[in-house]
Amino acid sequence: MLEKLMPKSDEFFDDFDAQAEATVRGAKLLSSLLDDFTDVERKVAAIKEVEHHGDEIAHRAFERLHKQFITPFDRAEIHRLLGRIDDVLDLTDATAERLLLYEVGPVPQAARDLAKVLVPCCEKLREAVRLLRHIKNPVEILAACRAIKSFESDADALSRAAIAALFKSGADALSIIKWKEIYDLMETATDRCEDVANVIEGVVLEHA
């Protein structure tokens, strides 16, 4: 009863929003890098800067979670949500890092296609996260979550086809290993978006 009477801070929602916004920025920068694979070191550094900003947001939110008595919903769910959003940006950064460190050759169209799925997937993630402030109106939130899952399914299919094409391409083994890892990282980023959707669905079903 006391918890219901006490005001709930919007600070966690602010952190979710900031995290999701950073995730979209990172995905767009990665897509831009793959579309125009020049000045790679500078572009990868820009993605790393966004990733560091996302880490700072997550760290601040985790600290608040340990100190604040009243939270908007279950602490474990907040922890999972913060962690999964952070994972998406970490994987985006890891993809960019591999592109630089592995000194890959020309970018296959499949890599660009995967990035073009990751961007709208992250945009829907941002939409779902923003709508959490209005949890008593769950229809739009759940629709955004379904869209995230659809994008994840598309990325999964693209990744499978891209890896199959790699093995059929006759490329050297080292190139195949490099690009397979890059495809896997990008597809896993969309998996983490789906994880975010699953957390949000659980929160909505519990509290709406």
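The values are calculated or read from the model by the stated rules, or taken from the named source; none is laboratory data. All values reported here derive from a predicted model rather than from experimental measurement. FYI the Cβ positions are ideal-geometry reconstructions off the backbone, even for glycines, and counts take in every protein chain you see.
For E103, the conditions (1) in a helix (DSSP H, G or I); (2) surrounded by fewer than 17 Cβ atoms within 10 Å (Cβ to Cβ); (3) acidic (D, E) all hold with the exception of (1). Looking at segment 163-171, can you tell me whether even one residue there is among the hydroxyl-bearing types (S, T, Y), surrounded by fewer than 20 Cβ atoms within 10 Å (Cβ to Cβ) and in contact with a Lys or Arg (Cβ under 8 Å, 6 or more places away or on another chain)? No - not one qualifying residue is present in segment 163-171.
For every residue, the table says whether it meets (1) at pLDDT 95 or above; (2) of a type outside the set (F, W, Y); (3) touching a helix residue (DSSP H, G or I) at 6+ places or on another chain (Cβ under 7 Å).
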position	(1), (2), (3)
T92	yes, yes, yes
L101	yes, yes, no
D113	yes, yes, yes
P120	yes, yes, yes
L132	no, yes, yes
K136	no, yes, no
R146	yes, yes, no
F151	yes, no, yes
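Taking the conditions (1) surrounded by 17 or more Cβ atoms within 10 Å (Cβ to Cβ); (2) in contact with a His (Cβ under 9 Å, 6 or more places away or on another chain); (3) of a type in the set (D, E, K, R) in turn, E152 satisfies each one other than (2). In this structure, A128 does satisfy being more than 16 Å from L114 (Cβ to Cβ) and surrounded by 15 or more Cβ atoms within 10 Å (Cβ to Cβ).
Return yes or no: is I57 closer than 30 Å to G202 by Cα, out of contact with any Cys (no Cβ under 6 Å at 6 or more places or on another chain) and outside any helix (DSSP H, G or I)?
In short, no.
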